[in-house]
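Heads up, the thing below is written out as structure tokens.
The values are calculated or read from the model by the stated rules, or taken from the named source; none is laboratory data. Treat the numbers as computed from the prediction; the structure is a model and nothing was measured. Note that we place each Cβ from the backbone using ideal geometry, even for glycine, and neighbour counts take in every protein chain shown. Areas reflect the complete protein model, heavy atoms only, side chains present, ligands, DNA and RNA absent. Shrake-Rupley method; radii C 1.70, N 1.55, O 1.52, S 1.80 Å.
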Amino acid sequence: GGWVVVFFGINAYLVIRKQHHAYAVAEQASILKGKMVDETSNISAVHQYGQHAYEREYLDSFIEKYRRADIYNWWLSEWILFTNGFLIAIFIAAMLGMSMLLLQQGSITIGTVVMITTMVIGIMRSMFFIL
């Protein structure tokens, strides 16, 4: 019970911290799309005035802003997945370790250990990508 509270608490904290960066990626994508639409709708003026290099550099700056925001957001997502994996590994180790200890003490049977292992694997699969 306590592990679940810690797991969800840490995940909620990390997702709230990441939310701003996800919005920044969406905003940069929207700006970039708007600039590209503007560029393509005014392509005849670009050709007429020979501003190809200027327009390329202009769009490149927005592409770079989007790329940086997206990479940082991806990096944060990977850290959240790493954290989830680490917390789940602790949970699995604790459950299996406790099961083995109780089995050695004779408090539970091997069937109970198999049931606990099956349940832990099911929990692990459902919680890894939870948030």
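Results, tabulated for the structure shown:
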| read-out | value |
| --- | --- |
| For residue 67: the one exception among (1) touching a residue at least 24 places away in the same chain (Cβ under 8 Å); (2) under 17 Å from the mean Cα position of the chain (by Cα); (3) within 18 Å of residue 32 (Cα to Cα) | (1) |
| Set 87, 96, 76, 81: member being within 30 Å of residue 2 (Cβ to Cβ), open to solvent by less than 80 Å² (accessible area, probe 1.4 Å), at pLDDT below 95 and touching a His at 6+ places or on another chain (Cβ under 9 Å) | 76 |
| Odd one out for residue 108 among (1) assigned to a helix (DSSP H, G or I); (2) without any contact (Cβ under 8 Å) to a residue 60 or more places away in the chain; (3) not polar (S, T, N, Q) | (1) |
| Cβ pairs under 6 Å, 6+ apart, first in region 31-58 and farther than 26 Å from residue 70 by Cβ and at pLDDT below 80, second open to solvent by less than 90 Å² (accessible area, probe 1.4 Å) and assigned to a helix (DSSP H, G or I) | 46/55 |
| Counted residues, region 14-49 - those being closer than 29 Å to residue 87 by Cα and surrounded by fewer than 13 Cβ atoms within 10 Å (Cβ to Cβ) | 5 |
| Residue match in region 50-63 (condition: part of a helix (DSSP H, G or I) and either β-branched (Val, Ile, Thr) or under 20 Å from the mean Cα position of the chain (by Cα) (or both)) | yes |
